1. Kindly state which helices (runs of 4 or more DSSP H) lie completely within the range 1-93 and contain at least 3 residues that are of a type in the set (S, T, N, Q).
2. Consider P212 carefully, then state whether it is closer than 21 Å to C277 by Cβ, of a type outside the set (A, V, I, L, M, F, W, C) and in contact with a Pro (Cβ under 8 Å, 6 or more places away or on another chain).
3. Filter the range 151-169 down to residues that are crowded, with 23+ Cβ neighbours inside 10 Å and among the hydroxyl-bearing types (S, T, Y) and give me whichever is farthest from L266 (Cα to Cα).
4. Looking only at the range 389-409, which residues are assigned to a helix (DSSP H, G or I) and more than 12 Å from the chain's Cα centre (by Cα)?
5. Could you list all residues from the range 180-202 that are modelled with pLDDT of 95 or more and acidic (D, E)?
6. Testing M341 on (1) part of a loop (DSSP other than H, G, I, E, B); (2) within 14 Å of P437 (Cβ to Cβ), one condition comes back false. Which one is that?
7. Looking for whichever is over 24 Å from the mean Cα position of the chain (by Cα) and in contact (Cβ under 8 Å) with a residue 40 or more places away in the chain here; the options are I194, I219. Which one fits?
8. Cβ-Cβ below 6 Å, separation at least six or inter-chain, first residue in the range 98-120 and closer than 29 Å to I215 by Cβ and among the small types (G, A, S), second open to solvent by less than 20 Å² (accessible area, probe 1.4 Å) and part of a loop (DSSP other than H, G, I, E, B): which pairs?
Amino acid sequence: MKRAAFASLCGVHDAARETACQQTARLIEASGVHSVRLGWCDLHGQLRGKTLMAAAAVRALREGVGMVGTLMLKDSGDRTAWPVFEPGATAELPEFAGAANLVLLPDPASFLQLPWAQGTGWLRCQPWFSDGRPVGLDTRRVLQSALARLAETGHGLKTGLEVEFHVYRITDTSPQLDPQRAAWPGEPPEVTMIHPGYQLQAEALTDMASEPLDIVRRIAQALGLPLQSLEIELGPSQVEAVFDATDALTAADQMVLFRNGVRQALRRAGYHASFMCRPPFPHIMSSGWHLHQSLVNLNEGRNAFARETPAEGTTPGDAAHTLSDTGAHWLAGLLAHGRGMTALCTSTVNGFGRFRPNALAPQAILWGQDNRGAMLRVVGAAGDPATRIENRIGEPAANPYLYIAAQIHAGLDGLAKQLVPPPASEAPYAEGNALLPTTLGEALEALQADTTLCANLGAGFVPYYRRVKQLEIDRHAAAPDRQDFERREYFSRI
């Protein structure tokens, strides 16, 4: 299949894309890169892909490049969740039988040079079936579909990221790289901390951790990410990155790039970055990923959550005191689907250890006015154009496309039904509140029971997601040492 044939078969190649392909080809040639990585985001939020020589990457802009389809069927430990070589075993996913190829098609506008890998470029891709049909299970496409639904209401979604993670100094790579100890999955390296913790945002600890933090800053800025701040978090060796808000699809793309770039650049400098919620050490503090969100009126560009003055007769405990009617309905939708969305926001077995009282993490399905113990924290006030809702149930390892898509489908249900949220809670850890799921298995059951989310995430997506994640749960349950499982499965890889 030559020239623009495959891209045209997919229905995405027009004069504008051809111009973009030509511009990117010139950029690749002018940059002098010898190779280009074609990356796509898998179900678990990790980048996968192929590395092509520069000339081959230029051809792939129009022709695409093949990839083994089973990459979309892997659990977190890289086990394939379907026996693809058994007749009839993939009846619900016939295109994946026999480990058949999919085709990665790059976005020519996404080209960049990797700041940590000299002579290496990068292009974002999405998978297509070989006959030009889009792969509906692709998580970026799941978010694109959600945003298309949202646009029908005249709104876009603006999101800001607050991402906590851990950084350690590598002291010994032999556990990970000794061929006599190779295993599936393998061990992580031996590490020490970059700061002792328990002194939130201490300037002295910032100075102590300045070398790895400076690497994080340089990489984020070189990738064009809107990094606002880097902070020392409460836990030992824990840090937080905060980004300016942008449109939702861009924010999701940025999260994938950030995690991937930080891990690779720090590794080259002798550090190990982990976006695992609870690394396998005593006295660890959980990491969360807080997702700030507001709707934007597409015609006027204004914040659709903001209101000029509090609604008549309301108090600060009422959503309409701070949020517009649109914002209040959206808030109520997030609450109504809180249990159902949890598996898409906290997606590992390890992440559920974070939901505990008085830990700056949620435990119950409720909202609060600027309350960091609530699942949903409403930030702002009447007259404040930055008024927004912060969802605090996410872990930093979550797939960003699914995390954000869940917000859209839940919020849209609140808008469609004009749901009204209950009063704000001032006691988020009190007994009697409706609780979030406490295990990944419970969260998957809640997702399956949420008919609205199941219907809107796309045909067959939730059964697919459940099957892959159930394999992870089953292997964790069967592990002789579950902490060792998490150390190898999560700390080594995410």
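The values are calculated or read from the model by the stated rules, or taken from the named source; none is laboratory data. The structure presented is a predicted model; accordingly, all values stated were derived computationally and were not measured. Cβ coordinates were reconstructed from backbone atoms using ideal geometry, including for glycine residues, and neighbour counts include every protein chain displayed. Keep in mind that these areas ignore ligands, DNA and RNA; they rest on the heavy atoms of the full protein, side chains included. Shrake-Rupley method; radii C 1.70, N 1.55, O 1.52, S 1.80 Å.
1. Counting at least 3 such residues, we get 15-31.
2. Numbers: closer than 21 Å to C277 by Cβ: yes; of a type outside the set (A, V, I, L, M, F, W, C): yes; in contact with a Pro (Cβ under 8 Å, 6 or more places away or on another chain): no.
So P212 does not fit the description; no.
3. Only one residue fits best here, namely T159.
4. Pass one, the range 389-409, residues assigned to a helix (DSSP H, G or I): 400-409.
Matches in the range 389-409: Q407, I408, H409.
5. Passing the criteria: only E190.
6. Of everything listed in (1) part of a loop (DSSP other than H, G, I, E, B); (2) within 14 Å of P437 (Cβ to Cβ), M341 misses just condition (1).
7. Numbers: I219 fails: over 24 Å from the mean Cα position of the chain (by Cα).
Matching residue, one of I194, I219: I194.
8. Taking only residues 6 or more apart or on different chains, the pairs are G119/V33.
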